[in-house]
Amino acid sequence: MKSLTRPLSALTLAFFTLAGSAQASAADTSISTHSAAAVAQTANYITTRDGVQIYYKDWGPKGAPVVVFSHGWPLSSDSWESQMLFLADKGYRVVAHDRRGHGRSSQPWEGNDMDHYADDLATVIETLDLKDVTLVGFSTGGGEVARYIGRHGTQRVKKAALISAVTPLMLKTDSNPIGLPLQVFDDIRNASLKDRSQLYLDIASGPFFGFNRPGAQTSQGMIQSFWAQGMQGGHKNTYDSIAAFSATDFRDDLKKFDIPTLIVHGDDDQIVPIDASARAAVKLIKNAELIEYPGAPHGITDTHKDRLNQDLLSFLQH
């Protein structure tokens, strides 16, 4: 992995950004925006119209205000446990699902793209009949939230929060010169094919939590949790997912936000650099507020969980 050190440091690892191609794209019109109708539901699984089983958690009092979480790559809903436990204890109903191909959900060969992710989120929201929802998306999950609003609107949504999100576009293109170059993503893709287990360890022990910074206090627990969640996902699914995240253009989706939106980002994010993400996104979203965490890395849901939990609570209460 020594050969990966340079491309994964600095502006580094945009780990969701394995741009297999620069085919950015807004919605794929071949996917019906009404495909979110579920065909089956059990205590912890919802089956989508195309037969994918989506695992979900539903904590807290059922009659309470609802917060729905979308996780990052290559993680699962477990990555939200600190925020979910905190908010459920404060009286909120909190719901989170494992993205298709990740965690405990099915590992379909096809459909590992942002449009399907957004429609799966719609499936969860509609099947559970959730209303006045606050959507919270971390990293890749921020893109999922943006694409959901772009495809399904805000009829069921009250507020949105984008945490270390990949929006508006990670890939460097002619119209997005501040994005990350394709070579960075090609290196990540090659590393995933060579030894994705080692790649996940390298991401977690280095730039994701900022453990590669001088004086950083490393947590083996965080590293192992990241690795375990990543390895639970399907290889094909996580591989396809990175390419989708890197090349998906969310600029038009963000322009459709018509609800109060909170953006939180660390200014030392080595995975999703703040200039190309949060600082660009806040200019596209009406009624958006940006909170920057000085010196904070990408994985602030863990490294800065106490502050983030309070910021989310304050956003929910006002």
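Here, each number is a calculation from the coordinates, and none is a lab measurement. Keep in mind it's a predicted model, so treat the numbers as computed, not measured. Note that each Cβ is placed from the backbone with ideal geometry, even for glycine, and that neighbours are counted across all protein chains shown.
Of 89, 252, 115, the residue with the greatest mean-square motion in the GNM of the chain, using alpha carbon springs below 10 Å, is 89.
Among 229-237, 268-276, sorting by the average number of other beta carbon atoms lying within 10 angstrom of each residue, highest first, gives 268-276, 229-237.
According to the Kirkwood relation over distinct C-alpha pairs, the hydrodynamic radius of the chain is 19.0 Å.
Structure remark: mean-square fluctuation, Gaussian network model of the chain, C-alpha springs under 10 Å; the largest value among 175, 105, 139 belongs to 175.
Strictly over 18 Å apart at the Cα level, which of 255/305; 62/90; 158/256; 159/255; 62/131; 159/286 would you flag in this model? Exceeds cut-off: 255/305. Exposure proxy ranking for 59, 109, based on other Cβ atoms within 10 angstrom of each Cβ and starting from the fewest, stands as 109, 59. Local charge for residue 126 was computed over the other residues whose Cβ lies under 12 Å away, with Lys and Arg +1 and Asp and Glu -1, and equals 0. Arranged from fewest to most other beta-carbon atoms within 10 Å of their beta carbon, 301, 218, 140, 47 become 218, 47, 301, 140.
Exposure proxy shown here: for 117, 92, the number of other Cβ atoms within 10 Å sets the order, fewest to most, as 92, 117. Here the Gaussian network model covers the chain, with springs between Cα atoms less than 10 Å apart; of 288, 40, 228, 40 fluctuates the most. With a simple spin-label model that places each label point 7 Å from the Cα along the Cα-to-Cβ direction, the separation between residue 198 and residue 310 comes to 4.2 nm. With the simple model of a label 7 Å out from the Cα in the direction of the Cβ, residue 267 to residue 292 spans 0.4 nm. Spacing of the modelled spin labels on residue 49 and residue 173, each 7 Å from Cα toward Cβ, amounts to 2.6 nm.
The stretch between residue 89 and residue 216 holds 42.7 nm of extra length on full extension. This uses 0.36 nm per residue minus the Cα-Cα distance.
If a/c stays under 1.5 just call it rounded; otherwise compare a/b with b/c (prolate if a/b is bigger, oblate if not). Do that for the stretch 224-315, with a ≥ b ≥ c from the square roots of the Cα gyration tensor eigenvalues.
Taking the square roots of the gyration eigenvalues as a ≥ b ≥ c, the stretch 224-315 is oblate.
For the chain, DSSP calls about 30 percent of its internal beta bridges antiparallel.
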